[in-house]
Structures are given as structure tokens and as C-alpha cells.
Amino acid sequence: MLLVVAIGVTSCLNSSSSEATLYGEAAITSFNLGNVTSYVHKTINGKDSLVKTTLSATTYKFTIDQIQHQIYNTDSLPIGTDVSRALCVIGSRNNSTVFFVDKTDENILRPYSSLDSVDFSTPRKLEVWSSDMKGHTDYTVKVNVHGQDGSLFVWQKMPASEVLAQLKDVEAHYWAGTMYLEGRMGDMTQIYRVDDKGLVMMDEETTGKLLPPGMKRWVGSTSQEVYGLSDDNDLMVSQDGGVTWESDILDDDRHLLPVQDIAFVSYPLYYATNTEYALLVGNRSVGDFPDDKTAMVWRKIVDNDEYTPEGFWSYLEPAGDMALPRMAHMSLVAYDDGILAIGGEDISEGVFSAPYAQFYQSRDDGITWKYNKSYQLPDGFDENATSVGMAVDDDDYLWLFCGGTGQVWRGRLNKLGWQIKD
């Protein structure tokens with residue numbers, strides 16, 4: 001075959017009055033896939049079906065390692081992608097000629113054509129010959145396809161905790177590589193640590209430390225500010241780690257501030273450097289405001305740069321059918337570029353709902369809340385939990401700590417496990 005190619009090149013040279021330049025270089029300069037077949041699970045008329053579709057794979061970038069002579073995609077194609085009959089576009093240096101090595105016989109070379117489909121279900125070897133046919137370079141192409149459904153959330157049941165089963169008003173926090181639990185046992189609030197196996201242990205260093213006089217509970221914190229609720233239900237802020245406190249700045253809707261079932265989350269604001277977004281949700285007193293149908297949602301934008309105006313808390317109006325329900329014992333986390341909320345039964349008058357029935361997700365910083373089918377509570381979750389503390393660790397695992405039942409769960413969205421940490 002190589003002889004035929006060489007004769008063809010010589011023939012072309014003899015039949016032309018112009019001179020052609022031949023090169024001794026043989027290299028791949030670009031590699032891309034075209035359209036490929038993909039099989040996607042869809043629910044049609046209540047039945048789970050496998051639907052054949054066409055996926056444009058041109059957006060998946062391939063890396064060409066010219067030292068190891070390997071070609072591969074770091075962003076794997078979705079699960080269900082069929083790469084056994086794929087078209088590809090290959091660029092080479094100085095008109096070097098590309099051949100695919102036969103999968104069954106390495107002595108057979110098949111010329112590359114952008115019109116011929118190729119089986120990439122296993123790594124494929126390429127030989128790239130220089131235009132003067134005096135040398136070649138070998139490459140291996142590997143097309144990576146995910147073996148997991150990225151939208152699937154996988155749960156693992158951790159060992160149950162007898163201590164957790166006795167706690168009420170459980171809250172979970174992950175800070176500086178350590179998972180902390182806070183819960184009330186009798187009239188005393190205690191702090192616990194959780195190891196990576198889910199074992200709950202007393203934290204002797206922090207348990208027993210009381211809130212300052214006039215404060216009834218911690219609310220949460222950003223990197224620079226700590227928030228708490230005073231005995232007279234005023235939202236307080238400390239900028240020295242909780243040593244001194246003052247009333248925080250609120251807009252004119254102070255009467256809408258929650259006083260029970262409070263949950264808090266903060267995270268960096270993606271469109272502003274050195275700025276954080278704080279979100280506070282909870283309920284007003286059931287006795288004083290029996291007609292409330294939704295949770296109270298507040299936000300604060302905290303700019304940590306010097307000489308910037310001080311931030312203030314703003315009330316977010318409920319978004320109709322997409323408002324966060326008035327649930328008991330709510331918990332919040334930042335997860336998968338959004339916010340997840342969970343809570344017990346709906347405490348609105350005349351509304352009956354099962355406790356901890358589903359997650360609610362917000363993709364717009366707490367304005368609207370929707371059901372996302374990717375987030376399902378684990379099979380075997382005991383809805384008799386009196387409260388659930390929720391937190392996320394550095395490996396994007398979501399933890400659920402169930403007061404009253406002692407259950408501990410750990411789960412993760414598959415696609416977050418694919419990400420490479422720095």
C-alpha cells in the first residue's frame with residue numbers, strides 16, 4: 001500500500017510542470033469527531049425508553065500529546081454514546097499521510113478518510129507517514145465515554161449513630177476540612193465532630209461554649225462576618241469572630257424576618273471578585289402569623305474589599321408556585337452551582353405534606369425553587385426524622401444527619417465525581 005502511495009506521488013510529480021516539495025515530517029496537528037449516535041433514557045407515556053439520537057461531538061476537544069504520541073478527550077462523551085461507527089476529521093503536518101492500523105492485524109494499514117466511519121470503542125493506533133515516505137510517527141487515539149449517568153445521584157448508607165438519634169434541632173456544618181454537628185439534647189446544645197466514615201464524636205473543644213448574653217442562636221457566617229439572632233429576634237452581625245455584636249442592616253421589610261426553622265448558606269459570588277452571597281431562610285412565628293404560606297427568604301451581598309459600602313439584607317418576594325414552602329426544620333447547602341433546600345412537614349395552616357419528601361433547588365440565588373429529578377432522597381430514608389442536618393464536604397459529597405432516627409447518609413451527583421481537583 002505504501003508502495004502504491006509512493007508511485008502515485010512520483011506520477012504526480014512527473015505529470016506536472018511545477019515542482020512539489022516533499023517533507024520528512026510526520027505529525028497529527030488536529031483531531032475532531034463529527035456526529036455520533038447516542039442512546040438516551042427518556043420517559044415516554046410513563047415508561048422508561050431508550051431513544052436513539054444524534055450527538056454533535058465537534059464541541060468535545062481532543063488533546064494531542066506530541067511527546068507520548070497520544071490523542072484523547074479529557075471531557076468524556078455522555079453515557080450511551082456509540083463510538084463504534086464515528087466519523088473523524090484529522091489534520092496532519094505538511095501533507096503527511098494518515099493510516100489506521102487494522103484492529104485484528106497490525107500489518108494492515110487502512111488509509112484515513114473523513115467519509116469513512118471508524119470503530120473507536122477501543123483505542124486505535126495510527127501511522128502517519130511523511131510526504132517523502134521516508135519515515136512515520138505512531139499515535140494512539142482513545143475516545144473516552146462516560147460509564148456513568150452524570151445526572152444520577154448515588155447514596156451510601158453510613159453507620160447509624162445512637163447519639164444522633166437522641167438529638168433535636170440538628171444542624172450540620174463543614175469547615176476547614178472537618179464536619180461538625182450541632183444538636184440539642186434536653187436543655188443543652190452540644191457540638192460533635194464527624195469523621196470520614198460517618199462516626200459521630202463529642203467535640204470537647206467547643207461543646208459547652210455559650211452564646212453571648214442576649215443572643216439565642218447562631219445563624220451562619222461568611223468569611224468576614226458572623227450572624228446571630230438575639231433574644232428579641234433582631235438579626236445581629238459580628239465582624240470580630242463573635243466577640244462583639246451589633247444590629248445588622250435590613251431593608252424596610254423587617255417584620256418579614258424569620259424567627260424559627262432558620263437555615264443559612266453562603267458562597268462566593270461568581271460575577272464579582274472577593275464578594276460573597278449570604279442566603280437566610282426560615283419562618284415567622286406560627287402563632288403570630290398563622291396565614292403565612294411560604295418561607296421567608298432574605299439575602300445579603302457582602303463585598304470584602306476595603307472602602308466599599310456596607311451590605312444589607314434584602315427580602316426576596318415569593319415567586320408564586322416556585323416559592324420555597326413553609327417547612328419545619330429547614331436546611332440549606334450550596335451544591336452543583338445552585339442551592340438545595342430540605343425540610344420537614346409544611347406548617348402552613350390547612351396544608352398537609354409528608355416531611356422530608358423531596359429536595360428543592362434554586363438556580364437563581366434563592367428567587368425561585370423547583371423540583372429537580374436528579375436529587376432524590378435515598379431508598380430507605382426514614383421520614384420519622386425530627387430534623388435533618390445537611391452539609392457538603394470538599395469532595396462534593398452531600399451528607400444527611402437525621403435527628404431522632406440516627407440515620408447518616410452520604411451521596412454525590414455522579415458528574416461532580418468526574419471533576420479534577422486542583
The one condition Gln239 fails out of (1) under 25 Å from Lys168 (Cβ atoms); (2) modelled with pLDDT under 95 is (1)
Counting only residues in segment 390-414 that are in contact with a Gly (Cβ under 7 Å, 6 or more places away or on another chain) and not in a loop (DSSP other than H, G, I, E, B), the one most open to solvent (accessible area, probe 1.4 Å) is identified as Arg410
Counting only residues that are touching a strand residue (DSSP E or B) at 6+ places or on another chain (Cβ under 9 Å) and either on the phi > 0 side of the Ramachandran plot or open to solvent by 60 Å² or more (accessible area, probe 1.4 Å) (or both), segment 187-199 contains a total of 6
Of (1) modelled with pLDDT of 95 or more; (2) open to solvent by 70 Å² or more (accessible area, probe 1.4 Å), Ser223 satisfies every one except (1)
Here the residues within segment 80-124 that are over 31 Å from the mean Cα position of the chain (by Cα), among the polar types (S, T, N, Q) and crowded, with 19+ Cβ neighbours inside 10 Å are Ser92, Ser96, Thr97
Out of (1) surrounded by 17 or more Cβ atoms within 10 Å (Cβ to Cβ); (2) under 15 Å from the mean Cα position of the chain (by Cα); (3) not hydroxyl-bearing (Ser, Thr, Tyr), the one Gly417 does not meet is (1)
Filtering segment 244-256 down to residues that are in contact (Cβ under 8 Å) with a residue 12 or more places away in the chain and either touching a strand residue (DSSP E or B) at 6+ places or on another chain (Cβ under 6 Å) or in a strand (DSSP E or B) (or both) yields Trp245, Ser247, Asp248, Leu250, Asp251, Asp253, Leu256
Filtering segment 291-338 down to residues that are surrounded by fewer than 20 Cβ atoms within 10 Å (Cβ to Cβ), among the small types (Gly, Ala, Ser), more than 28 Å from Gly411 (Cα to Cα) and touching a residue at least 12 places away in the same chain (Cβ under 8 Å) yields Ser314, Ala319
So the strands (runs of 3 or more DSSP E) completely within segment 298-360 holding 1 or more residues that are over 28 Å from Thr386 (Cβ atoms) are 313-316
Next on the checklist: Can you find a residue that is out of contact with any Ser or Thr (no Cβ under 7 Å at 6 or more places or on another chain) and among the small types (Gly, Ala, Ser) anywhere in segment 294-305?
Outcome noted: yes
Per the filter on segment 168-193, residues touching a Ser or Thr at 6+ places or on another chain (Cβ under 8 Å), in contact (Cβ under 8 Å) with a residue 60 or more places away in the chain and among the hydrophobic types (A, V, I, L, M, F, W, C) are Val170, Ala172
Scanning segment 364-389 residue by residue, those of a type in the set (Gly, Ala, Ser), part of a loop (DSSP other than H, G, I, E, B) and closer than 24 Å to Val281 by Cα turn out to be Gly366, Ser374, Ala385
Scanning segment 167-185 residue by residue, those of a type outside the set (Phe, Trp, Tyr) and open to solvent by less than 50 Å² (accessible area, probe 1.4 Å) turn out to be Leu167, Val170, Glu171, Ala172, Gly177, Thr178, Met179, Leu181, Glu182, Gly183
Looking across segment 64-79 at residues that are of a type outside the set (A, V, I, L, M, F, W, C) and open to solvent by less than 30 Å² (accessible area, probe 1.4 Å), the single one that is nearest to Asn32 (Cα to Cα) is Asn73
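The values are calculated or read from the model by the stated rules, or taken from the named source; none is laboratory data. Owing to the predicted nature of the structure, the values given are computational and were not obtained by experimental measurement. Please note: Cβ atoms are built from the backbone with ideal geometry, for glycine as well, and neighbour counts cover all protein chains shown. Remember, those area values only see protein heavy atoms, side chains included, never the ligands or the DNA or RNA. Shrake-Rupley method; radii C 1.70, N 1.55, O 1.52, S 1.80 Å.
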